[in-house]
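Visitor: Mind looking over this structure? Questions follow.
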Amino acid sequence: MTIDGATILILGDEPIIGLALEDMLMRHGASVLHASRIDEARALIATKKLDSAVLDVNVHGTQSYSVAGLLAERRIPFIFATGYGDRSHPPEFIDIPTIAKPYSAQDIRRALEQSSA
């Protein structure tokens, strides 16, 4: 997946990390939609055309796997960005690219490219 021209959803509850990620993606030509709660992300998925998503696993104490499931149903590529690693993912998401915080723009780009392969 090419980031340039893509519309990417960010789901995360840490504003500083979300803004830094948004800035990284925008510098590479992406349009970014940001959700800080699970219900916000679900609403954006239902109403916006998305090319990809970056999901924090733990959002205000709730895991984002319901959002991941919705993205998978709609065949929207996504990655996880977390401090927990990928060992805690349910079996249906074990193959989803996961990057560990802190991450670089190159980490994000590589993972997003892998997610749409």
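Visitor: Identify, from the list V54, V67, the residue that is free of Cβ contacts under 8 Å to residues at least 60 places away in the same chain and touching a helix residue (DSSP H, G or I) at 6+ places or on another chain (Cβ under 6 Å).
Guide: On the way: V54 fails: touching a helix residue (DSSP H, G or I) at 6+ places or on another chain (Cβ under 6 Å).
Exactly one residue qualifies, and that residue is V67.
Visitor: For residues in region 1-17 being of a type outside the set (A, V, I, L, M) and over 14 Å from G83 (Cα atoms), which is modelled with the lowest pLDDT?
Guide: Restricting attention to region 1-17, the residues satisfying the condition of being of a type outside the set (A, V, I, L, M) are 2, 4-5, 7, 12-15.
Pick out the ones that are also over 14 Å from G83 (Cα atoms) and you get 2, 4-5, 7, 15.
Numbers: T2: 79, D4: 89, G5: 93, T7: 97, P15: 88.
Among those residues, the one meeting the criterion is T2.
Visitor: Where in region 23-112 are there strands (runs of 3 or more DSSP E), lying wholly inside it, with at least 2 residues that are small (G, A, S) and either open to solvent by 40 Å² or more (accessible area, probe 1.4 Å) or touching a strand residue (DSSP E or B) at 6+ places or on another chain (Cβ under 7 Å) (or both)?
Guide: 31-35, 52-55
Visitor: Which condition from (1) more than 10 Å from the chain's Cα centre (by Cα); (2) modelled with pLDDT of 95 or more is the one that P77 breaks?
Guide: (1)
Visitor: Follow-up. Provide a single number: the residues in region 1-22 that are closer than 20 Å to S116 by Cα, among the small types (G, A, S) and crowded, with 19+ Cβ neighbours inside 10 Å.
Guide: Residues of region 1-22 closer than 20 Å to S116 by Cα: 1-11, 21-22.
Subset that is among the small types (G, A, S): 5-6.
After this cut, where a residue has to be crowded, with 19+ Cβ neighbours inside 10 Å as well, the list is 6.
So the answer is 1.
Visitor: Within region 80-90, does at least one residue satisfy the condition of being under 11 Å from L11 (Cβ atoms), touching a Leu at 6+ places or on another chain (Cβ under 6 Å) and not polar (S, T, N, Q)?
Guide: Within region 80-90, one or more residues are under 11 Å from L11 (Cβ atoms), touching a Leu at 6+ places or on another chain (Cβ under 6 Å) and not polar (S, T, N, Q).
The values are calculated or read from the model by the stated rules, or taken from the named source; none is laboratory data. Being a predicted model, the structure only gives us computed values, none of them experimental. Positions of Cβ are generated from backbone atoms using ideal geometry, with glycine treated the same way; all protein chains shown enter the neighbour counts. Note: accessible area is taken over every heavy atom of the protein model, side chains too, but ligands, DNA and RNA are not part of it. Shrake-Rupley method; radii C 1.70, N 1.55, O 1.52, S 1.80 Å.
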